[in-house]
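The values are calculated or read from the model by the stated rules, or taken from the named source; none is laboratory data. Predicted model, so just to flag it, every value in this text is computed and none were measured. Cβ coordinates were reconstructed from backbone atoms using ideal geometry, including for glycine residues, and neighbour counts include every protein chain displayed. Protein only, heavy atoms only, side chains kept; ligands, DNA and RNA dropped before computing areas. Shrake-Rupley method; radii C 1.70, N 1.55, O 1.52, S 1.80 Å.
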Amino acid sequence: MRSPVPDSARERCAALDAADPLAGLRERFVLPPGTIYLDGNSLGPPARDTADRLHEAVAHQWGGDLVRSWNSAGWIDLPARLGAKIAPLIGAQPDEVIVTDSTSVNLFKLLAGAVRRQPGRTLILSERGNFPTDLYIAQGLIDQLAEARRQPAAGAVDGPHDKQLRLELVDRGDLPAALAAARAREQAGQGDLAVALLTQIDYRTGARLDMARITADVHAAGGLVLWDLAHSAGAFPVSLGEAGADLAVGCGYKYLNGGPGAPAFAFVARALQADFAQPLSGWMGHATPFSFDTDYRPAEGIARLLCGTPPILSMIALEAGLDALHAAQPLGGLAALREKSLRLTRIFAQRALERAARHGLRCVTPMTDAERGSQVSFTLPDADMAHAVIQALIARGVIGDFRAPDILRFGFAPLYLRHVDAWDAAEQLADVLDARAWDAPHFLGRAAVT
Ligand SMILES: Cc1ncc(COP(=O)(O)O)c(C=O)c1O
């Protein structure tokens, strides 16, 4: 069912690979043969030395020095050390980032801390299409603060939380207008924006927000901004510092290749750190955890974002992923990776549309470079069909994913993907549609994880 393939086009991709200074980085990852992995935006593959590092940690550190390894192997320093390794990827200073907990938990800590810094301000502004956990965490925090207000005796909440917080959700396109309105209220002396909770790259469409402009708009309205960098960190250069961003979180298991459920990171701009109070005041965030004081006293700086004992084995796996990413540094680093990612996504989207637009395939990812992250998303006329197409592609070794209600999503991690992968994946997608290979009962059912 192959349409006549202009071989020269695939050859051009092969030539791009042959000339690609980043091509050797692929060797640093374990990828099953015969697979084109376009889901590194959901779970990145292991670095080649991840298993060895874990073995070393279990057999020799844990199994050798036992509890002494907290000091002798530097386990206790891992959250800060990995934070410092993530910092240059996101345009932050080493002491502004720490690795801890999950993205969801960090969202809670940072959102709560941000709201607390904004007494009298009642609005959390976010997007209707934001990733659900961001919205659920905001809803949970609002409910908790409302409950504490109803029961002041039980909940020692005063001042900053004495007004009902609310979550306003707008469509992405309406964000500028919502921020302009918030700014107008600010200028009229009725400022209410506490925090804007925004994800830079839309997880469904891959559309990218202009971080610098929006951060400035949020500040002009009196708000703080909390960026979710789940689909940004490790995929392209992020400039939190340059943008003047306040707070950010991100995942360790996507473009940072830290492994399933890898610990996440939290960023708090230096200027906010001194009196930043987060509610999960666990002992690891204490100024002197091993003095076992009765009263909580937060650590200086970013360490106050810690809560409990860090998951060391997961941190070691994440460090392996980060080191593999840092191997790109002498080759141009994230800027070079970004260039490659833009080429990969362009090749894939253009070829897929060239061959499959007639099946109703539509690209929902902006093709203007500055407006997209590192993924390409399509829709088809029917959601069940879209889901089945992804299953049929997976059966052929092209792994993307389906995001309800109707998105076929393909992530392009430039660290280990080749230009021919982008081309071949587009060909396979078109072949599946041409042959109706998706139209089979075993592709139509839905698993628990899509
Ligand atoms: C934008 C965004 N935020 C957060 C998360 C997940 O958070 P957690 O690691 O806590 O499950 C995801 C997961 O895909 C995501 O896409």
Connecting every pair of Cα atoms under 10 Å apart in the chain and solving the GNM, the largest mean-square fluctuation among 373, 74, 411 falls on 74
Ranking 283, 227, 438 from most to least accessible area with a 1.4 Å probe gives 283, 438, 227
Distance in Å, no decimals, from the C-alpha centre of the range 177-217 to the one of the range 288-360 is 24 Å
In whole Hz, the Karplus estimates of ³J(HN,Hα) for the range 107-112 (6.51, -1.76, 1.60; θ = phi - 60°; x where Gly or Pro) are 4, 4, 4, 6, 5, 4
Given unit charges at Cβ for Lys, Arg (+) and Asp, Glu (-), the dipole magnitude of the range 270-352 about its Cα centre in debye, nearest 20, is 720 debye
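Write down the accessible area per residue of the range 1-103 in Å², having rolled a 1.4 Å probe over the full set of protein chains.
Counting only protein heavy atoms, the per-residue value for the range 1-103 is 53 Å².
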From most to least accessible, 1.4 Å probe, no ligand or DNA/RNA atoms counted, 346, 116 line up as 116, 346
The relative contact order of the chain, taking Cα pairs under 8 Å that sit 6 or more residues apart, comes to a percentage of 21 percent
Sorted by chain and then number, the residues having a modelled amide H within less than 5 Å of the amide H of residue 286, at least 5 places away or on another chain, are 299
For the range 244-328 the trypsin sites (Lys or Arg not before Pro) that pass both the DSSP coil test and the at-most-10 other-Cβ-within-10 Å test are none
In nm, the gap between the two label points placed 7 Å beyond Cα toward Cβ at residue 168 and residue 190 is 1.1 nm
HN-Hα couplings for the range 67-77 via Karplus (6.51, -1.76, 1.60; θ = phi - 60°), in whole Hz with x for Gly/Pro, come out as 5, 5, 4, 3, 9, 5, 9, x, 4, 5, 8
For the chain, Rg(Cα) over 2.2 N^0.38 Å is 1.03
Dividing the surface of the Cα convex hull of the range 65-127 by four yields a projected area in nm² of 6.4 nm²
Whole-Å distance linking the alpha carbon centroid of the range 228-248 with that of the range 39-102 is 20 Å
Once the dipole of the range 1-141 is set up from charges on Cβ (+1 Lys and Arg, -1 Asp and Glu), the residue from the list 83, 69, 23 lying farthest towards its positive end is 83
Farthest towards the positive end of the dipole of the chain, among 450, 232, 146 and with Cβ unit charges of +1 on Lys and Arg and -1 on Asp and Glu, lies the Cα of 450
Under the Karplus relation with 6.51, -1.76 and 1.60 and θ = phi - 60°, whole-Hz ³J(HN,Hα) for the range 428-438, x at Gly and Pro, equal 5, 4, 5, 4, 4, 6, 4, 8, 6, 5, 6
Highest GNM mean-square fluctuation among 60, 326, 419, for the chain with Cα springs under 10 Å, belongs to 60
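For the range 251-315, what is Rg from Cα atoms divided by 2.2 N^0.38 Å, rounded to two decimals?
1.24
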Quick P(r) readout (the range 105-248; Cα-Cα; 10 Å bins; whole %) gives 12, 43, 34, 10, 1
Under the rule rounded for a/c under 1.5, else prolate if a/b exceeds b/c, else oblate, using alpha carbon gyration tensor axes a ≥ b ≥ c, the range 70-183 is classed as oblate
Output row, site residue 58, 7 Å Cα→C-beta label point, backbone N cut-off 17 Å, window the range 244-285, residues 259-262
Of the accessible area of the range 192-330, computed with a 1.4 Å probe and all protein chains kept, carbon and sulfur make up a percent value of 56 percent
Calculated from DSSP helices alone, with each H run of at least 4 adding -39500 (n - 2.57) and the total divided by the residues of the chain, [θ]222 nm to the nearest 500 comes to -11500 deg cm²/dmol
In a Gaussian network model of the chain with springs linking alpha carbons closer than 10 Å, the residue among 88, 381, 414 that fluctuates most is 381
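How high is the FRET efficiency between residue 148 and residue 23 when r is their beta carbon distance and R₀ equals 60 Å, given to the nearest 0.05?
Working: r = 55 Å, r/R0 = 0.92.
Approximately 0.60, to the nearest 0.05.
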Taking only the alpha-carbon positions of the range 208-305 as identical scatterers, the Debye log10 I(q)/I(0) at q = 0.12, 0.14, 0.15, 0.17 Å⁻¹ comes out as -0.49, -0.64, -0.72, -0.87
In whole percent, the Cα-Cα distances of the range 1-85 spread across 5 Å bins from 0 upward as 3, 10, 11, 14, 16, 12, 10, 7, 5, 4, 4, 3, 1
Residue span residue 395 to residue 354: 0.36 nm per residue of separation minus Cα-Cα distance leaves a gain in nm of 12.5 nm
Interchain or sequence-distant (5+) residues whose placed amide H lies within less than 5 Å of the amide H of residue 398 are 36
Toy charge model, Lys and Arg Cβ at +1, Asp and Glu Cβ at -1: the chain dipole around Cα centroid in debye, rounded to 20, equals 420 debye
Once 296, 37, 136 are ranked on solvent-accessible area with the largest value leading and a 1.4 Å probe, the list reads 136, 296, 37
With 0.36 nm assigned to each residue of separation and the Cα-Cα distance removed, residue 9 to residue 287 gains 94.1 nm
